[in-house]
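The values are calculated or read from the model by the stated rules, or taken from the named source; none is laboratory data. Source: prediction; values computed, not measured. Glycine also receives a Cβ, built like all others from the backbone with ideal geometry; neighbour counts cover every protein chain displayed.
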Amino acid sequence: MTQGRPTGITIISVLMILGGIILLFTGIAPLFAGTLISIDSDSSTSQFGSLITIGGLALMALGIASFIVSWGLLKGKGWGRIITLIISIIAIIFAIITLVGSQDLIYIISVIIYGVIIYYMFTYKVKLFFGKVKESTNI
């Protein structure tokens, strides 16, 4: 008997796709702006333009990576689950650091959301979908 994809995995994947789209579009503007700044300017401004271009490329690369991880989640690939766990742990760390630094309680929401994602990734149903546990056959 095959295990169907849990609804939560579909929701997380769709959110990652939306995030990837946002990252792609956010990366387009700096990509072109950095190129325009680099053209016909002095060396310090040219270096600044290059940094902006690199930032745009990084955002676009993260958008593409988000699509790939989302695909891995939807297809039940173990690496998709692992990368999602790593991203969630890093996001919690950054949210806690930002929370302590700014003392803005809004960052607790990020900690809670990513904490729920981490918890969800360790539930039996999700681990079964990703092939991390065997389905019990009680007769």
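Look through segment 18-45, keep the residues that are farther than 23 Å from Ile64 by Cα and surrounded by 14 or more Cβ atoms within 10 Å (Cβ to Cβ), and return whichever of them is modelled with the lowest pLDDT.
Quick first cut of segment 18-45, residues farther than 23 Å from Ile64 by Cα only: 36-45.
Filter once more, so that each one left must be surrounded by 14 or more Cβ atoms within 10 Å (Cβ to Cβ): 37-38.
Details: Ile37: 75, Ser38: 69.
It comes out as Ser38.
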Look at Ile109 and say whether it is of a type in the set (Val, Ile, Thr), exposed (fewer than 14 other Cβ atoms within 10 Å of the Cβ) and farther than 24 Å from Leu23 by Cβ.
no
Step by step: first the residues of segment 86-106, then only those that are among the polar types (S, T, N, Q) and in contact with a Phe, Trp or Tyr (Cβ under 7 Å, 6 or more places away or on another chain), then the one that is surrounded by the most Cβ atoms within 10 Å (Cβ to Cβ). Which residue is that?
Ser88
Across segment 51-94, what is the total count of residues that are touching a helix residue (DSSP H, G or I) at 6+ places or on another chain (Cβ under 6 Å), polar (S, T, N, Q) and under 19 Å from Leu18 (Cβ atoms)?
3
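Of all the helices (runs of 4 or more DSSP H) wholly in segment 75-129, which have at least 1 residues that are touching a residue at least 24 places away in the same chain (Cβ under 8 Å), β-branched (Val, Ile, Thr) and out of contact with any Lys or Arg (no Cβ under 9 Å at 6 or more places or on another chain)? Lay out the reasoning, then the answer.
Numbers: elements: 78-102, 107-121, 124-129.
Fully inside segment 75-129 and qualifying: 78-102, 107-121.
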Test: Leu128 is out of contact with any helix residue (DSSP H, G or I) (no Cβ under 9 Å at 6 or more places or on another chain), surrounded by 12 or more Cβ atoms within 10 Å (Cβ to Cβ) and closer than 15 Å to Arg5 by Cα
yes
